[in-house]
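Presented below is the structure to which this report refers.
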Amino acid sequence: MNKNTTKAALSMTSMTKKLSLAATFLVAIAMSSSSFAHQFDVDAQGEQAIKEHQQLLSQYMASAEQEYVSELNQDFNKQLETAENKFLDEKCEQRGMDFDTQSEVCDG
């Protein structure tokens, strides 16, 4: 091997060692910083924030529940009306009459 090839090989090996050392250092820092993480202590402000958040959640849940019940009632009433109209239409038809949905009576 000539001198230039040897210098390039040594330079490459030196660079690889530096990168490995830097990577090891960064991994060590990342691992040690997570092990020194502080425990979260809830202070008075934290407790107040939690209470406010829970209150907001309760309000939202009550509102969503009320809206859902309203939708269910509307859907139920619509289905009930459809079933009633179908039933009365069949009964009127059995008697040779037509069911009028406006007046809700048999015409004939």
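Key figures
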item	result
Qualifying residue in the stretch 44-67 (condition: at pLDDT below 85, within 28 Å of the chain's Cα centre (by Cα) and surrounded by 10 or more Cβ atoms within 10 Å (Cβ to Cβ))	yes
Residue that is farthest from the chain's Cα centre (by Cα), among those in the stretch 77-89 that are surrounded by fewer than 11 Cβ atoms within 10 Å (Cβ to Cβ) and not hydroxyl-bearing (Ser, Thr, Tyr)	Ala83
From the options Leu88, Leu26, residue that is touching a strand residue (DSSP E or B) at 6+ places or on another chain (Cβ under 7 Å) and at pLDDT below 95	Leu88
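The values are calculated or read from the model by the stated rules, or taken from the named source; none is laboratory data. What you see is a predicted model, and the numbers here were worked out from it, not measured in a lab. Cβ coordinates were reconstructed from backbone atoms using ideal geometry, including for glycine residues, and neighbour counts include every protein chain displayed.
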